[in-house]
Amino acid sequence: MINILTGIDSTSAALNAERIRMDVVSQNIANVNTSRGPDGKPYQRQQVVFESVLKDQVELGATPGSAAHLVRASRVESALRPPRLVHQPGHPDADADGMVAMPNINIHEEMIDLMAASRAYEANLSVVKTARGMAQQTLSIGKR
Amino acid sequence: MNALSALRSLAYPALRADPLKAATEAAGPKSIPFTELEKLSPGLLAQPADAARPAGASFENTIKNFVEETNGKQAVANDSVKNLVSGQNVSLHQTMIAMEEASISFQLMVEVRNKLLESYQELMRMQV
């Protein structure tokens, strides 16, 4: 197999991982006011954990010893912060004191995460762009 | 003594006494048999002319494999576009990267074809 765009595998994996991170952030933003989840408790902030894997662990067909480090979103975990308590006496989920437990999500934090994910995605895209540019410039060797 | 060896003995006065003997002595201890060299760097040295050439390694087959591989990359790109637009589990960037790879390997194939054609035309223009 000719390898046209070398090193593109780890970039592709990183794009995938950043995409997952963005999905998780959008889920957090969407649920910022969800006071009751399927388990009856308020929604908990989810965060994604990245881990690096070797390429030949992921693909069976990969050449053994090709030590390309790929990244993948290994798991999505709940944040352990306590819920936000809001005083809202008429709310169906309010307790005896009229306090409603809201998700432990800080919207500003989520916006920052969104920007970070988008920038990281952009950085990986520019790696792809540069690799393509290099290949095309190489193909023009010897042209008049 | 023919004309050529006479010329050589003119050029190298030291060899004049006994050109053949001196030449073999100079070259003898330094030269390594071909088999030894081949053991050190297998495949690097040119095979002797009479060695049977393996059938799979001809230039024609190389080109054929190359064209087939380019075609394979086009097929991969085609498949991933098809999977993307029909809602399969293929991400946008994977499709774009597959298309980009297909495009660049096609460009490479066109370049190789241009070079081959150019050398053919150069040969046809040769005055005999």
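No lab work stands behind these numbers, since they all come straight from the coordinates. Computed from a prediction, not measured in an experiment: that's the story for all the values here. Neighbour counts are summed over all protein chains in view; Cβ atoms, including those assigned to glycine, are modelled from backbone coordinates with ideal geometry.
Once R0 is set to 35 Å, what does the formula 1/(1 + (r/R0)^6) return for the Cβ-Cβ distance between A:HIS91 and B:SER91, expressed as a FRET efficiency to the nearest 0.05? Calculated value: 0.30.
For A:LEU5, nonlocal amide neighbours, meaning residues 5 or more places apart or on other chains whose placed amide H falls under 5 Å from its own, do not occur.
As a calculated quantity, the FRET efficiency between A:ASP39 and B:ASN78 at R0 = 41 Å, using C-beta atoms, amounts to about 0.35.
Take the Cα of A:ALA30, step 7 Å toward its Cβ, do the same at A:HIS69, and the gap between the two points is 3.3 nm. Projected over all directions and averaged, the alpha-carbon convex hull of chain A occupies 12.5 nm². Under 5 Å from the amide H of A:GLN46 lie the amide H atoms of A:ALA79, each residue being 5 or more positions distant or on a separate chain, with H modelled from the backbone and absent for Pro and chain starts. Taking the longest Cα principal axis of chain A as reference, the axis of helix A:8-30 is set at about 20 degrees. A Cβ-based charge dipole, computed about the Cα centre of chain A with Lys and Arg at +1 and Asp and Glu at -1, lands at about 720 debye.
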